[in-house]
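Here's the structure we're looking at; comments come further down.
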Amino acid sequence: MKAVRRILIYRLGSLGDTVVALPALRLVAKAFPDAERWVLTNFTVNAKAAPMAAVLDGTGLVHGYLGYPLGLRDVAGLLRLRRDLRRLRPDALVYLAAPRGRTRVWRDALFFRACGIGRLIGVPYGLEQQRPRRLDGGLYEHAGARLARCLRSLGDASLDAPDAFDLALSEAEHQAAVRALGPLADGRPLLMASIGAKVDVKDWEDGNWSALLARLGARLPEWGLAMLGAADERARSDALAANWPGNRANLCGRLTVRESAAALTRARIYLGHDSGPMHLAAAVGTPCVAVFSSRNLPGEWFPYGDRHRVLYHSISCQGCRLEVCVERQKACIRSITVDQVARSVLDLVKDRCASSR
């Protein structure tokens, strides 16, 4: 078989999409250790989305990035992309795109063939490969596990391996996190929270967050609070953090993605929505309490692992993929109460205290 000198990996998305793909990317690096590995990806999904480079630079899993223009429809744009791919001359393509339907998948495959790529790996031609499998207990296959299943021809991605989600954070990134946390980095218990949500249907809303932080702050007087997120979430995070009676810091917009991951290693617990920071927290081993809408199927985008507490209410329209819920006014996430989330956090605090004895 012809030696593979250059691999093209097709993966669109933002922070969370990148983190859940880490085991698959690590499998590709293991299968093709001597090849240049390039990612065809969008550089910005929206103002809050991080490019893949912000997560992957420093891991050694990828050597370069090629921009994929979102909403590509015109012939001229397709021809430009085809020209760029022909110049790159990859020997094989690894398909890690999110489920797109059979028609789009076949169209993608034909396009990459037309670009001169002879070997396509992991293309989910059948619906069974695109849909998460239903598991025992009513949950569905994790998004990262579905990607690994599509790459079975390359080997086992081993999502439970200790290094499956390793970000290879540097000492400089850890030091930047310590400087940003200031007095909160002195070893006291730390709750790190993020209230960002890319789409409205995932937002639990400020009234709930205000009440929750006030209640938790009163129950956890020795704990500090650090708010994490994008720069445009800073003012909102300031207003909500004002409900915390103890020491607090607002890190929104002050750290890179990888520095944020380093900060999360110092947190006892992460609290937030279904979001990129939640996946970062899970990747570095920080237990999460996550408030979910039922926009996606239960389990599909949960933080990976069994250390987390997820608040998810199954309703008849779960898996709707909506960004704005008009008809039912976010009945799924709005049915999650402050009491339920506070209890999940306090139970996790108790569990962590018991395990550290």
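The values are calculated or read from the model by the stated rules, or taken from the named source; none is laboratory data. Model, not experiment: these values are computed from the prediction. Cβ placement follows ideal geometry from the backbone for every residue including glycine, while neighbour counts extend to all protein chains displayed. Only protein heavy atoms, including side chains, enter the accessible area calculation; ligands, DNA and RNA are left aside. Shrake-Rupley method; radii C 1.70, N 1.55, O 1.52, S 1.80 Å.
Summary of values
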| item | result |
| --- | --- |
| Among (1) in a helix (DSSP H, G or I); (2) touching a residue at least 60 places away in the same chain (Cβ under 8 Å) - the single one ALA235 does not satisfy | (2) |
| Residues that are under 14 Å from GLY67 (Cα atoms) and of a type in the set (Gly, Ala, Ser), drawn from the stretch 77-96 | GLY77 |
| Some residue of the stretch 251-269 being within 25 Å of SER335 (Cβ to Cβ) and of a type outside the set (Phe, Trp, Tyr) | yes |
| Sole exception among (1) open to solvent by 10 Å² or more (accessible area, probe 1.4 Å); (2) modelled with pLDDT under 95; (3) not in a helix (DSSP H, G or I); (4) not aromatic (Phe, Trp, Tyr) for GLU222, by number | (2) |
| Elements of type helices (runs of 4 or more DSSP H) contained in the stretch 251-357, each with 2 or more residues being open to solvent by less than 70 Å² (accessible area, probe 1.4 Å), over 19 Å from GLU205 (Cβ atoms) and out of contact with any helix residue (DSSP H, G or I) (no Cβ under 8 Å at 6 or more places or on another chain) | 338-355 |
| Residue that is nearest to ARG258 (Cα to Cα), among those in the stretch 183-201 that are modelled with pLDDT of 95 or more and open to solvent by 30 Å² or more (accessible area, probe 1.4 Å) | PRO183 |
| Residue that is most open to solvent (accessible area, probe 1.4 Å) [pool: residues in the stretch 112-122 that are of a type in the set (A, V, I, L, M, F, W, C) and touching a strand residue (DSSP E or B) at 6+ places or on another chain (Cβ under 9 Å)] | LEU120 |
| So ALA168, is it touching a Ser or Thr at 6+ places or on another chain (Cβ under 7 Å) and surrounded by fewer than 20 Cβ atoms within 10 Å (Cβ to Cβ) | yes |
| Single match in ALA231, ALA235, ALA242, ALA211 (criterion: within 21 Å of ILE333 (Cα to Cα) and open to solvent by 30 Å² or more (accessible area, probe 1.4 Å)) | ALA211 |
| Out of ARG113, ARG119, ARG73, ARG89, sole residue that is of a type outside the set (A, V, I, L, M) and either closer than 30 Å to PHE302 by Cα or at pLDDT below 95 (or both) | ARG73 |
| Odd one out for VAL19, checked against (1) under 12 Å from the mean Cα position of the chain (by Cα); (2) modelled with pLDDT of 95 or more; (3) outside any helix (DSSP H, G or I) | (3) |
| Hits in the stretch 73-103 - residues which are exposed (fewer than 12 other Cβ atoms within 10 Å of the Cβ) and free of Cβ contacts under 8 Å to residues at least 24 places away in the same chain | ARG73, ASP74, VAL75, ALA76, LEU79, ARG83, ARG87, THR103 |
| Residues being open to solvent by less than 80 Å² (accessible area, probe 1.4 Å), without any contact (Cβ under 8 Å) to a residue 40 or more places away in the chain and touching a Phe, Trp or Tyr at 6+ places or on another chain (Cβ under 6 Å) - total across the stretch 123-163 | 1 |
